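Here is the structure we will look at.
The values are calculated or read from the model by the stated rules, or taken from the named source; none is laboratory data. Computed from a prediction, not measured in an experiment: that's the story for all the values here. Cβ sites come from the backbone with ideal geometry, for glycine too, and all protein chains shown count toward neighbours. We work out accessible area using only protein heavy atoms, side chains counted, and drop any ligands, DNA or RNA first. Shrake-Rupley method; radii C 1.70, N 1.55, O 1.52, S 1.80 Å.
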Amino acid sequence: MPHDSDHPYSHLPSDPALRVKALESVLVSKGLIDPEAVDALIDLYENEIGPRNGARVVARAWTDPAFKARLMEDATSAIAELGFQGRQSEHMVAVENTPETHNLVVCTLCSCYPWAVLGIPPGWYKSDAYRARAVREPRAVLEDFGVSLLPGQSVRVWDSTAEVRYLVIPMRPEGTEQLSEDALADLVSRNAMIGTGLAATAERTT
Ligand code: FE
């Protein structure tokens, strides 16, 4: 399947990336921006703002069985119900972790990623090492990320493409029956929705 034309199999950044870099360099050299401030903003979008959308989708799925059913049937439409849609998220598929199966998402050819629900991809997601190892030795990758699988749990790896992007629905942690949807969303990290993490337990975040 074809991957994104805006990040082909090239060692040079794409034209937009080069232009952004050039703009950043000019702004920094003229003293108009601080490169550390730019890094901090990127970090915010990678780790905080972007993945909050996905966390809301997961929390809704945990609390609303009808929404969950729609999400598993047609994730793009269900996610759009919450107002999240757009570029790189036109054909979403939700994959649910269960005691039997843990799901892990990769893009082996480039870095396809569901921007509308997860923001911009973290650096490691685009790395050669992750892209190769996620398929070849997913259990070792999960170990590196500190993910402990359940006894007998199998690992299913999903290869993203320009056509299909995956959102992992992590298992709802034990002891969270009383939590509000907002509080549940706070338990859902970006990595939990890629499969390189699990949802946090309620205790760990309080
Ligand atoms: Fe890709």
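Condition check ((1) within 22 Å of Thr76 (Cβ to Cβ); (2) at pLDDT 95 or above) across all residues:
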residue	(1), (2)
Asn103	yes, yes
Gln153	no, yes
Thr161	yes, no
Ala185	yes, yes
Gly195	yes, yes
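Restricting attention to the stretch 113-130, report how many residues are closer than 10 Å to Arg165 by Cβ and crowded, with 23+ Cβ neighbours inside 10 Å. Walk me through how you get there before you give the answer.
Filtering the stretch 113-130 down to residues closer than 10 Å to Arg165 by Cβ leaves 113-118.
Next, from what is left, pick out any that are crowded, with 23+ Cβ neighbours inside 10 Å: 113-114, 116-118.
Count: 5.
Out of the residues in the stretch 78-95 meeting the condition of being farther than 30 Å from Asp39 by Cα and crowded, with 20+ Cβ neighbours inside 10 Å, tell me which one is nearest to the ligand (Cβ to nearest atom).
Ala94
Do we find that Glu24 is at pLDDT 75 or above, exposed (fewer than 11 other Cβ atoms within 10 Å of the Cβ), out of contact with any strand residue (DSSP E or B) (no Cβ under 6 Å at 6 or more places or on another chain) and under 30 Å from Ser189 (Cβ atoms) in this structure? Show your work before the answer.
Values: at pLDDT 75 or above: yes; exposed (fewer than 11 other Cβ atoms within 10 Å of the Cβ): no; out of contact with any strand residue (DSSP E or B) (no Cβ under 6 Å at 6 or more places or on another chain): yes; under 30 Å from Ser189 (Cβ atoms): yes.
No: the conditions fail for Glu24.
Can you pull out the residues in the stretch 96-109 that are more than 14 Å from the ligand (Cβ to nearest atom), over 12 Å from the mean Cα position of the chain (by Cα) and either of a type outside the set (S, T, N, Q) or outside any strand (DSSP E or B) (or both)?
Across the stretch 96-109, the qualifying residues are Glu96, Asn97, Thr98, Pro99, Glu100, His102.
May I ask you to list pairs of residues, at least six apart or on different chains, whose Cβ atoms are under 9 Å apart, with the first in the stretch 111-138 being touching a residue at least 40 places away in the same chain (Cβ under 8 Å) and small (Gly, Ala, Ser) and the second being part of a loop (DSSP other than H, G, I, E, B) and away from the ligand (no atom under 15 Å from the Cβ)?
Close Cβ pairs satisfying both conditions: Ala116/Phe84; Ala116/Gln85; Ala116/Gly86.
Table: residues versus (1) in a helix (DSSP H, G or I); (2) within 15 Å of the ligand (Cβ to nearest atom); (3) open to solvent by less than 40 Å² (accessible area, probe 1.4 Å).
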{"residue": "Ser111", "(1), (2), (3)": "no, yes, yes"}
{"residue": "Val155", "(1), (2), (3)": "no, no, yes"}
{"residue": "Leu167", "(1), (2), (3)": "no, no, yes"}
{"residue": "Leu187", "(1), (2), (3)": "no, no, yes"}
{"residue": "Ala192", "(1), (2), (3)": "yes, no, yes"}
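Here are some conditions: (1) at pLDDT below 95; (2) within 16 Å of the ligand (Cβ to nearest atom); (3) among the hydrophobic types (A, V, I, L, M, F, W, C); (4) open to solvent by 60 Å² or more (accessible area, probe 1.4 Å). Val135 meets all but one. Which one does it not meet?
It is condition (1) that Val135 fails.
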